Amino acid sequence: MRTAVLAVHISFLRITVFILFVVGVAAPGEAGAQQLLGYEGSSASLFSIDASPPSAELLGSDVAAGLPSEIQISPGKTLLYAPDTEENELLHVLDPRSGSVVDSVTMSLPTSGFCADSPEIACSRDVDCPDETCLLSNVITALEFVGGTLYAGFTREGGARPSQLVAIEPATGEVTEVGVTGVFAPLGGLAYDQTSSTLFAISAGGTPAELFHVDRFTGAAQSIGLVTIGSLGVGGMTALTFGDDGVLYGLPNPRSERAGHLLSLNPRTATALDLGDLGVMRMNALALPEAGSWWAVLTALASVSAIGFARSRTKKLRPDGWQWKLGASRSRCPRLHG
């Protein structure tokens, strides 16, 4: 029985390797390259991105999306969510294959804005006033699903107060405040690392790019460091996402000298690499591709094959765990037997 199970999993692994070869040859860009979705809010355009070497291909545009600040794929990877910064209370639902708006939900954002004492202040300071001569709007600037919860970075235009972490119910638009981050800048992107159960955030706006990890239960953010490439700081960033390959990707601010380039970041040190020019100057958001993209399918196949093979090999072996020896490396899997 054990031999038959092992044979099945070896066959599964062979099939996976064959598909990797076929798709790797047919796919644009380098074989095995991570694919992402990118969004240019100024033109409401959705792009397919190859990370290595960096390139972008237009999938479609829909001006009904307004001016999205961020995109986020649903847990099932079938829908794309995009908060509108022209109509701040709208959360658009996009088709991840074309960028077309398929639905829109009105969000119940926290108390709208705050005021300044006079128009001369130009809404750049948080000074309460009775006559409300200058009202600042609330806006969602970043999104990330953690399980079934859609977390968001929430700020008040003008940046005079620290940003907040909130949770959005996509079906109803209900917004629940989680807590204040302590970051006096909008959050340009959120990214969740499943391996470490850590939520990361990047600062946006006119401030130097800084990487944080965020407590998703309190909203409190702790700085990892300013984002640097070599010895130089990155002037500003506007997007953050983990690829299926485990790499943390980001985009520079469209107004920075690296606008249109794709970056990879070390989540432990905030150091970054410039992977190259995507050819789209004002791209401002990143997300994983839809379910059914070749990279997502292959990742799932490889994971299922590896897990299934490990379980079949460890089911009836020593109760203190199975040891796999490959060269000089050795690992223990004490929880896989059962």
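The values are calculated or read from the model by the stated rules, or taken from the named source; none is laboratory data. This structure is a prediction, so every number in the text was calculated from the model and none was measured. Backbone-built Cβ (ideal geometry, glycine too); neighbour counts: all protein chains shown.
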Legend entry - Top-ranked residue of the range 191-209 - restricted to ones that are within 17 Å of G233 (Cβ to Cβ) and buried (at least 22 other Cβ atoms within 10 Å of the Cβ), ranked as modelled with the highest pLDDT: I202
Inset, instruction - Assess whether R255 counts as being surrounded by fewer than 16 Cβ atoms within 10 Å (Cβ to Cβ) and modelled with pLDDT of 90 or more. - result: no
Inset, instruction - Would you point out which residue out of S98, S55, S42 is assigned to a strand (DSSP E or B) and either at pLDDT below 95 or not charged (D, E, K, R) (or both)? - result: S55
Legend entry - Residues satisfying the stated conditions in the range 221-233, i.e. part of a loop (DSSP other than H, G, I, E, B) and within 19 Å of the chain's Cα centre (by Cα): V227
Inset, instruction - Within the range 63-78, work out how many residues are more than 18 Å from D244 (Cβ to Cβ) and either surrounded by fewer than 18 Cβ atoms within 10 Å (Cβ to Cβ) or of a type in the set (K, R) (or both). - result: 3
Legend entry - Within the range 46-62, considering residues that are touching a residue at least 60 places away in the same chain (Cβ under 8 Å) and crowded, with 16+ Cβ neighbours inside 10 Å, the one nearest to S104 (Cα to Cα): F47
Inset, instruction - Could you please find all residues in the range 58-72 being part of a loop (DSSP other than H, G, I, E, B) and more than 20 Å from Y151 (Cα to Cα)? - result: D62, G66
Inset, instruction - Can you confirm whether the range 181-190 contains a residue that is surrounded by fewer than 22 Cβ atoms within 10 Å (Cβ to Cβ) and outside any loop (DSSP other than H, G, I, E, B)? - result: no
Inset, instruction - Read through the list (1) in a strand (DSSP E or B); (2) touching a residue at least 40 places away in the same chain (Cβ under 8 Å), then give the number of the only condition that R216 fails. - result: (1)
Inset, instruction - Check E120 against each of (1) surrounded by fewer than 18 Cβ atoms within 10 Å (Cβ to Cβ); (2) touching a strand residue (DSSP E or B) at 6+ places or on another chain (Cβ under 6 Å); (3) modelled with pLDDT under 95 and name the one condition it does not meet. - result: (2)
Inset, instruction - State all residues of the range 170-180 that are touching a Phe, Trp or Tyr at 6+ places or on another chain (Cβ under 9 Å), surrounded by 15 or more Cβ atoms within 10 Å (Cβ to Cβ) and assigned to a strand (DSSP E or B); if no residue qualifies, say none. - result: V175, V178, G179
Inset, instruction - Kindly indicate the residue of the range 139-161 that is surrounded by fewer than 17 Cβ atoms within 10 Å (Cβ to Cβ) and farther than 17 Å from L91 by Cα and also modelled with the lowest pLDDT among those meeting that condition. - result: R161
